[in-house]
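One structure below.
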Amino acid sequence: MEPAPLTAVHWSELGSTLFAMWMVVIFVVLFAANMIVGHNLLPSFIASRHVPESLQKARLIFYAAAIVCFAIAAFFFVSMVQQAGVLETIWPDYWI
């Protein structure tokens, strides 16, 4: 079975899918970084007195940023799954 020839529309849809995939990766990494700082590093530095205890309030900022990054990653993931239908038009039997 040979794939269908690619048109400019297919390339555009593939580019959009790839962009959404990269955005998922970027925002998942940002989510993880904010969670590590807010849930692990900051409390450890506060307990060891390397940073002042007043930075305890900054944990909420990191948690909020993590939630926002996760929501954006979920949005791009849903967008990527919806745009991945172009693969079926190019290669109708992609389970081979």
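Of note:
- The residue that is farthest from residue 79 (Cα to Cα), among those in segment 36-51 that are in a loop (DSSP other than H, G, I, E, B) and open to solvent by less than 80 Å² (accessible area, probe 1.4 Å), is 48.
- From the list 33, 20, 74, the lone residue that is in contact (Cβ under 8 Å) with a residue 40 or more places away in the chain, open to solvent by less than 60 Å² (accessible area, probe 1.4 Å) and of a type in the set (Gly, Ala, Ser) is 20.
- So residue 25, is it part of a helix (DSSP H, G or I), open to solvent by less than 90 Å² (accessible area, probe 1.4 Å) and farther than 19 Å from residue 82 by Cα: no
- Among (1) touching a His at 6+ places or on another chain (Cβ under 8 Å); (2) outside any helix (DSSP H, G or I) - the single one residue 92 does not satisfy: (1)
- Put simply, of 7, 17 the only residue that is in contact with a helix residue (DSSP H, G or I) (Cβ under 6 Å, 6 or more places away or on another chain) and hydroxyl-bearing (Ser, Thr, Tyr) is 17.
- Close Cβ contacts (under 6 Å, 6 or more residues apart or on different chains) running from residues in segment 80-96 that are within 18 Å of residue 19 (Cα to Cα) and at pLDDT 90 or above to residues that are open to solvent by 80 Å² or more (accessible area, probe 1.4 Å) and not hydroxyl-bearing (Ser, Thr, Tyr) comprise 80/21.
- Test for residue 88: is it open to solvent by 40 Å² or more (accessible area, probe 1.4 Å), more than 11 Å from the chain's Cα centre (by Cα), charged (D, E, K, R) and within 30 Å of residue 8 (Cα to Cα): yes
- Just one of (1) of a type in the set (A, V, I, L, M, F, W, C); (2) over 19 Å from the mean Cα position of the chain (by Cα); (3) within 22 Å of residue 6 (Cα to Cα) fails for residue 21. It is (2).
The values are calculated or read from the model by the stated rules, or taken from the named source; none is laboratory data. Not measured: the values here are computed from a predicted model. Don't worry about glycine lacking a Cβ; one is built from the backbone with ideal geometry, like all the others, and counts go over all protein chains shown. Ligands, DNA and RNA are stripped out before the accessible areas are found, and what is left, the full protein with its side chains, is counted by its heavy atoms. Shrake-Rupley method; radii C 1.70, N 1.55, O 1.52, S 1.80 Å.
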